[in-house]
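Notes follow once the structure below has been shown.
Each reported figure results from applying straightforward, stated rules to the coordinates on display, with no laboratory input. Because the structure is predicted, anything quoted here is derived from the model rather than measured. Glycine also receives a Cβ, built like all others from the backbone with ideal geometry; neighbour counts cover every protein chain displayed.
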Amino acid sequence: MDECLRPSPLFKGQLSDLFYCWIRKKTKDGEEFLPAEPADFWKYDFSEHEYTDFVNSNYVKPKGVLTTSLRSKRAFDYGTFELRARLPEAERGPVLWFGFELDDLFAGGLSHFGYWTHNGSLRGFCGAASLKATIDLTRFLPSDHQQVKHWYKITRGRDFTLWFIDGKIRGMCVSAAGASTGTVYDGIEYSLALNGDMPSRRLPVLLDIDGADQADYAWEGLNPWDLRVSDGISGAPLHLKLEDEGGVLANRPLKKETKIISGPFPAIGNVRVRVASNAQLKITLEASDDGELWFPVAYAEGSIPSVEARSPGLIGRAIIESPEGGVLTGASATVFPS
């Protein structure tokens, strides 16, 4: 089996080489799961109107079917998932699930997107059966997400999961067994959550159309050429431009005795925070396990102060103080997971 999930093998093979498929239907006594053929529901070819604008590309859920599910035969070690797709709204429509999940019920772990077609809301999920963090990503959806394909990406590491939209980090979740679970920050550029029920190291891919059995539904334009999945990197570094409630901390005029508290960021392992200004600054790196109780870790002064320390917490933030005023030209954090 190919080490990646990619479209090239389909030139010589078929969808059933890459995916399991099942559907869920109502019966007179309740519901049932039924095995199915992927090609009966994901209908495509590689003919194009123009480059990567495919003529025939629809993933469907027929009327009377509660769920159409595709699950990759291969499970991925941590993992990087990328899907280029339109996310159209539909009155009384289903939920589109895409990303990583160990089959059903969230059992064994998940790190995925969920898009509610009936109201256009997008969320990120991370966790397992008993606990899962939910991040609202709706405000980051491009205004033309219904008409134009955009990139939706998830990277899973040992300590945190990242959700990207068109290359920008929009969601982050730090996982640690027993941690408080929930969103701790909803900022202008990203949201951050904690999760106390860690997902499995190896997870397969899901592409589900779920609910709304009263009508046919087609996820229009979805083509295997738009999907790429591979193993991830367990401890990849993270670099983040810092922000506060006013936005990204760049070219920010500072009054005398200004104090800025940055938005929080993942901080498992070694953390380096750098700021730059045309005046003297004081910077303190703080750490927390829950986003409520914070404690200082490292401190520095200067016009380009930098602090680097091993974080004793799950998340961090920077306290930036300007005794004399000036201009804060930039601030960033780099995390090196242990």
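For Val65, Val273, Val60, what ranking results if the residue with the fewest other Cβ atoms within 10 Å of its Cβ goes first?
Starting with the residue having the fewest Cβ neighbours, the order is Val60, Val65, Val273.
Can you tell me how much longer the chain between Ala107 and Glu292 gets when fully stretched, taken as 0.36 nm per residue apart minus their C-alpha distance, in nm with one decimal?
Here the segment from Ala107 to Glu292 would lengthen by 63.7 nm.
Using the Kirkwood formula over every pair of different C-alpha atoms, what hydrodynamic radius in Å results for region 238-336?
13.0 Å
Suppose R0 equals 45 Å. What FRET efficiency, 1/(1 + (r/R0)^6) with r the Cβ-Cβ distance, do Phe33 and Lys256 give to the nearest 0.05?
0.10
Using label points projected 7 Å from each Cα along Cα→Cβ, tell me how many nm separate Ala215 and Asp53, to one decimal.
Calculated label separation equals 2.7 nm.
With only alpha-carbon pairs counted, each pair once and no self-pairs, how large is the Kirkwood hydrodynamic radius of region 22-106 in angstroms?
Evaluated over region 22-106, this radius sits at 15.4 Å.
Mind checking which lysines have their C-alpha under 19 Å from Lys259, skipping anything on the same chain fewer than 8 residues away?
Partners within reach: Lys241, Lys282.
With unit charges on the beta carbons (Lys and Arg positive, Asp and Glu negative) and the dipole taken about the Cα centre of the chain, which residue among Phe98, Ser332, Gly291 sits farthest to the positive side?
Ser332
Exactly which GluC sites (Glu not before Pro) in region 1-55 are in a DSSP loop and have at most 12 other Cβ atoms within 10 Å?
Glu3
Please give the length that would be gained between Phe11 and Asp45 if that part of the chain were fully extended, namely 0.36 nm times their separation in residues minus their C-alpha to C-alpha distance (nm, one decimal).
11.2 nm
With no other cysteine's Cβ closer than 4.7 Å, which Cys residues of the chain count as lacking a disulfide-compatible partner?
When partners are defined as cysteine Cβ atoms under 4.7 Å apart, the chain leaves Cys4, Cys21 without one.
Farthest toward the dipole's positive end in region 202-268, which of Leu240, Ile209, Ser230, given Cβ charges of +1 (Lys, Arg) and -1 (Asp, Glu) about the Cα centre?
The one lying farthest along the dipole's positive direction is Leu240.
With +1 on each Lys and Arg Cβ and -1 on each Asp and Glu Cβ, and nothing else charged, work out how big the dipole of the chain is about its Cα centre, in Debye to the nearest 20.
That gives a dipole near 440 debye.
Could you compute the net charge surrounding Leu206? Neighbours are other residues with a C-beta less than 11 Å from the C-beta of Leu206; K and R count +1, D and E count -1.
That works out to -4.
Per residue of region 25-34, in order, report the coupling 6.51 cos²θ - 1.76 cosθ + 1.60 (Karplus, θ = phi - 60°) as ³J(HN,Hα) in whole Hz, putting x for Gly and Pro.
Per-residue couplings from phi come out as 10, 6, 10, 5, 9, x, 9, 8, 8, 10 Hz.
Using DSSP to define loop residues, name the GluC sites (Glu not before Pro) in region 64-150 whose beta-carbon has at most 14 other beta-carbon atoms within 10 Å.
Here the GluC sites (Glu not before Pro) that fit, given the DSSP loop and packing criteria, are Glu89, Glu91.
What is the total of Lys pairs in region 1-118 with C-alpha atoms under 22 Å apart, excluding same-chain pairs fewer than 8 positions apart?
Close lysine pairs under the 22 Å cut-off: 13.
Measure off 7 Å from each Cα along the Cα-to-Cβ vector at Phe336 and Arg92, then give the distance between these two points in nanometres to one decimal.
Taking the two extended label points, one gets 5.8 nm.
Of all DSSP beta bridges located in the chain, what percent are antiparallel, nearest 5?
Approximately 95 percent, going by the DSSP bridge assignments.
Could you go through region 326-337 in sequence order and give the Karplus-derived ³J(HN,Hα) for each residue, using 6.51 cos²θ - 1.76 cosθ + 1.60 with θ = phi - 60°, rounded to whole Hz, and x for Gly and Pro?
The phi angles translate into x, 10, 7, 8, x, 8, 8, 10, 10, 10, 10, x Hz.
Out of Leu122, Phe160, Val148, whose Cα points farthest toward the positive end of the dipole of region 31-179 (charges: +1 Lys, Arg; -1 Asp, Glu; placed on Cβ)?
Sorting the options by dipole projection puts first Phe160.
By what distance, in whole Å, do the Cα atoms of the chain stretch along each of the three principal axes, largest value first?
If we take the Cα atoms of the chain, the spans are 71, 43, 38 Å.
For a quick check: with amide H placed at 1.01 Å from N, whose amide H comes under 5 Å from Leu254's, ignoring anything fewer than 5 positions away on the same chain?
Correct list: Gly326, Val327, Leu328.
What are the residues whose amide H is under 5 Å from the amide H of Gly263, where those residues sit 5 or more places off or on another chain and H is modelled from the backbone?
Amide H neighbours of Gly263: Glu243, Asp244.
Report the dimensions of region 167-277 along its three principal axes from the alpha-carbon atoms, largest first, rounded to Å.
Principal extents (Cα only, largest first): 62, 31, 28 Å.
Starting at the first residue of region 173-180, write each ³J(HN,Hα) from the Karplus equation 6.51 cos²θ - 1.76 cosθ + 1.60 with θ = phi - 60°, in whole Hz, x for Gly and Pro.
Per-residue couplings from phi come out as 9, 8, 10, 8, 4, x, 5, 4 Hz.
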